[in-house]
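This report refers to the structure that appears directly beneath it.
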């Protein structure tokens, strides 16, 4: 399986993946099934879905609107692909007004442009942009619209190299990773004042597409992420604000290349969520308490895998799973383990179509995107 590079997002430390990266995932997971027959599942409640498209978003397959994160006030950050496959950032108020923006220096070619990933309580947005040479640069955008670009020292300037902002917390600290000139990744944290500290997890590999990936950051500055070792196996980690790193693995995680533990998000209490891939390539969601207790889970109806993307202060998790037709379905899992399937009306049921939940705020509002069969991305907001 090709390693999926994350285009990550955070509110309470949430991490996301670019939807275009999902296209290769179902083929890898084909034939994989879950053995978690006891997984909790609830009937769908009367959730309210609001769907939206940014003006200028393309209408072809793998174009359109992607909602990445949502803050406590209900303000949504995300990006959209236009008809030329160029990405542009956007912010959507709780009242539905949408403002688009582009970072200075963002490229105008296919798969280049501006990716707004995370948003904090004050409305600051973190993300990255891809320039004309396909190198990435981090940025932070204030609620007033002022954009500041930044680069980690040592970040490469070649294609698929550079600086990738992953999450932003209430205090304005940003976590993410950089890819150097030899394609090795390194974690970083950036203070609100702009001071950047790079770090590497012990045991992280030093080959191409290996290294340390900071995925999310909590209010207190604790960072969660994963590392890829010299054998291309993934391991989760948590790093305190003082820089102390603890590596962890889901007990059922495999030890072959492209298996292991993958981290999605962390909340204020230090509870971490994500997913693991076992030795038989079974994909399971997990939740890890601040004390280190790990519980795995699978959504009922998941034919090929359950991926946990985000967790809020109450411990409610948002993510998605694949069914036996390789269609996506969003889900919400409460702290008590009850899982509810979330399908946006109009979402497709074919391979690569359906609903993906990306972010969740303190109130339990969930954002993400959905696709009709062979259609473009559409943003959604679910209000429970």
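Within the range 208-231, restricting attention to residues that are in a loop (DSSP other than H, G, I, E, B) and in contact with a strand residue (DSSP E or B) (Cβ under 9 Å, 6 or more places away or on another chain), which residue is farthest from residue 306 (Cα to Cα)? Residue satisfying both the conditions and the ranking: 221. Report yes if some residue within the range 225-248 is under 22 Å from residue 129 (Cβ atoms), out of contact with any helix residue (DSSP H, G or I) (no Cβ under 7 Å at 6 or more places or on another chain) and in contact (Cβ under 8 Å) with a residue 40 or more places away in the chain; otherwise report no. Yes, the range 225-248 has at least one match. Residues that are without any contact (Cβ under 8 Å) to a residue 24 or more places away in the chain and out of contact with any strand residue (DSSP E or B) (no Cβ under 9 Å at 6 or more places or on another chain) within the range 280-292 comprise just one, 291.
Residue 300 meets each of the listed conditions (1) in contact with a strand residue (DSSP E or B) (Cβ under 8 Å, 6 or more places away or on another chain); (2) free of Cβ contacts under 8 Å to residues at least 60 places away in the same chain; (3) surrounded by fewer than 24 Cβ atoms within 10 Å (Cβ to Cβ); (4) more than 27 Å from residue 205 (Cα to Cα) apart from (2). Restricting attention to the range 307-338 and to residues that are closer than 13 Å to residue 366 by Cβ and more than 17 Å from the chain's Cα centre (by Cα), the residue that is surrounded by the fewest Cβ atoms within 10 Å (Cβ to Cβ) turns out to be 334. The set of residues in the range 93-126 being without any contact (Cβ under 8 Å) to a residue 60 or more places away in the chain, under 26 Å from residue 311 (Cβ atoms) and in a strand (DSSP E or B) consists of 116, 125. Scan 89, 123, 107 and give me the residue that is at pLDDT 95 or above, surrounded by 16 or more Cβ atoms within 10 Å (Cβ to Cβ) and under 18 Å from the mean Cα position of the chain (by Cα). That would be 89, the only listed residue that is at pLDDT 95 or above, surrounded by 16 or more Cβ atoms within 10 Å (Cβ to Cβ) and under 18 Å from the mean Cα position of the chain (by Cα). Suppose the filter is out of contact with any helix residue (DSSP H, G or I) (no Cβ under 8 Å at 6 or more places or on another chain), within 20 Å of residue 94 (Cα to Cα) and at pLDDT 95 or above; does residue 381 pass it? So residue 381 fits the description; yes.
Can you tell me which residues in the range 271-288 are part of a loop (DSSP other than H, G, I, E, B) and within 12 Å of residue 248 (Cα to Cα)?
none
When 163, 170, 148 are checked against the criterion of being surrounded by 15 or more Cβ atoms within 10 Å (Cβ to Cβ), modelled with pLDDT of 95 or more and in a strand (DSSP E or B), 163 stands alone in meeting it. Taking the range 303-365 and the strands (runs of 3 or more DSSP E) fully enclosed by it, the elements with 1 or more residues that are touching a residue at least 24 places away in the same chain (Cβ under 8 Å), touching a helix residue (DSSP H, G or I) at 6+ places or on another chain (Cβ under 9 Å) and over 14 Å from residue 272 (Cα atoms) are at 305-311, 317-322, 328-333, 354-360. Of the residues screened, residue 253 is one that is on the phi < 0 side of the Ramachandran plot and within 21 Å of the chain's Cα centre (by Cα). Here residue 144 passes the criteria (1) free of Cβ contacts under 8 Å to residues at least 24 places away in the same chain; (2) touching a strand residue (DSSP E or B) at 6+ places or on another chain (Cβ under 7 Å) except the one numbered (2).
The values are calculated or read from the model by the stated rules, or taken from the named source; none is laboratory data. These numbers come from a predicted model, not from an experiment. Here the Cβ is made from the backbone with ideal geometry for all residues, glycine too, and neighbour counts use every protein chain on show.
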